[in-house]
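> Handing you this structure, nothing more for now.
The values are calculated or read from the model by the stated rules, or taken from the named source; none is laboratory data. From a predicted model like this one, the values you see are computed outputs, not experimental measurements. Every residue, glycine among them, receives a Cβ derived from its backbone with ideal geometry; neighbour counts consider all protein chains shown. Side chains included, ligands, DNA and RNA excluded: accessible areas come from the protein's heavy atoms. Shrake-Rupley method; radii C 1.70, N 1.55, O 1.52, S 1.80 Å.
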Amino acid sequence: MKPFEVAANRVARPFRDAYDWFDGLVTARNENKQLKEEVERLRQQYATAQTAQNENATLKRLLRYERGPSFPGDFRAVNASVIARGAADVQERVIVSAGSKQGVRVNDPVVTTDGLVGRVTRVAKGLARVTLLTDATSAVAASDLQTNAYGLVQHGPGGGAQLVFSRVSKDKVVRPGDIVVTAGTQLASLPDIYPRGILIGRVASVYQNNVDEFKHIQVNPFADFSSLDSVAILVPLDRK
């Protein structure tokens with residue numbers, strides 16, 4: 001029987017080898033699929049943890065700002081996360097995770113630790129829409145911190161994040177590098193919605209000619225409008 005056994009083994013060996021190879025291939029593919037799923041799961045966990053860490057760091061900076069000397073008096077901060085951004089044609093608006101339930105109202109100023117962001121323009125129970133300072137409809141009474149020159153900060157005509165410090169008369173002194181802040185209320189009969197002294201940006205260039213009535217001043221904002229993740233809404237302490 002030995003020759004038959006040897007012959008049978010020789011005939012069967014390729015099939016056994018093929019079966020073992022196929023079984024090993026299926027096992028390897030299954031293991032590869034499991035490894036890919038595990039890598040994807042770990043990647044998602046890392047992204048979630050990193051996002052939480054970034055948000056936590058931002059919130060800590062907001063808390064330090066709230067407790068620091070530059071925080072405007074008579075206001076409290078309602079910290080909120082940016083949960084949605086506008087469509088391509090309305091990128092100057094964001095939705096944040098705080099609303100009337102937290103005491104937020106229309107026209108409340110919105111800031112980050114870097115500076116002014118914009119104001120609340122619509123409020124729901126737990127949400128609010130913020131129109132950014134880069135929106136064409138935004139305008140803020142502002143002053144030069146070094147020289148007290150007064151004017152309005154608005155969105156620049158060229159687009160992007162650059163701002164203009166407009167309506168500054170020619171007899172006022174404004175220099176590149178000067179810091180521009182909110183002017184606050186100048187007249188008691190015309191109260192401003194923005195408290196005095198909130199950082200806006202730094203003067204990038206100053207130009208004037210003999211034809212125009214006012215200076216041409218460009219300002220680089222301190223806040224990074226393209227990467228907002230958390231903001232603070234300023235709510236008056238005397239609000240009921």
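> Hey, among GLY177, GLY184, GLY160, GLY197, which residue is on the phi > 0 side of the Ramachandran plot, out of contact with any Leu (no Cβ under 7 Å at 6 or more places or on another chain), open to solvent by 50 Å² or more (accessible area, probe 1.4 Å) and outside any strand (DSSP E or B)? Give the steps one after another, and end with the answer.
Details: GLY177 fails: open to solvent by 50 Å² or more (accessible area, probe 1.4 Å); GLY184 fails: open to solvent by 50 Å² or more (accessible area, probe 1.4 Å); GLY197 fails: open to solvent by 50 Å² or more (accessible area, probe 1.4 Å).
Going through GLY177, GLY184, GLY160, GLY197 in turn, the sole match is GLY160.
> Would it be correct to say that ASP212 is without any contact (Cβ under 8 Å) to a residue 12 or more places away in the chain, open to solvent by 70 Å² or more (accessible area, probe 1.4 Å) and acidic (Asp, Glu)?
Taking the combined requirement at face value, the residue does not satisfy it.
> Still on this model: Determine which single condition ARG105 fails, assuming it passes every other condition in (1) more than 23 Å from GLN154 (Cβ to Cβ); (2) touching a His at 6+ places or on another chain (Cβ under 8 Å).
The failed condition is (2).
> When segment 63-118 is examined, which residues are found to be of a type in the set (Gly, Ala, Ser) and modelled with pLDDT under 80?
Residues of segment 63-118 that are of a type in the set (Gly, Ala, Ser), as a first pass: 68, 70, 73, 77, 80-81, 84, 86-88, 97-100, 103, 115, 118.
Once the filter is applied, which keeps residues that are of a type in the set (Gly, Ala, Ser) and modelled with pLDDT under 80, segment 63-118 yields GLY68, SER70, GLY73, GLY86, ALA87, ALA88.
> Is there a residue being surrounded by 15 or more Cβ atoms within 10 Å (Cβ to Cβ), farther than 29 Å from GLU213 by Cα and of a type outside the set (Phe, Trp, Tyr) anywhere in segment 131-151?
Yes, segment 131-151 has at least one match.
> Further question: Answer with yes or no whether GLY126 is crowded, with 22+ Cβ neighbours inside 10 Å, farther than 20 Å from ASP224 by Cβ and at pLDDT below 95.
no
> Scan segment 196-240 residue by residue and report those that are touching a Ser or Thr at 6+ places or on another chain (Cβ under 8 Å) and of a type in the set (Ser, Thr, Tyr).
Across segment 196-240, the qualifying residue is only SER230.
> Could you check THR113 against (1) in contact with a Lys or Arg (Cβ under 7 Å, 6 or more places away or on another chain); (2) over 22 Å from ASP238 (Cα atoms); (3) surrounded by fewer than 18 Cβ atoms within 10 Å (Cβ to Cβ) and say which number it fails?
Only one criterion is unmet by THR113, namely (3).
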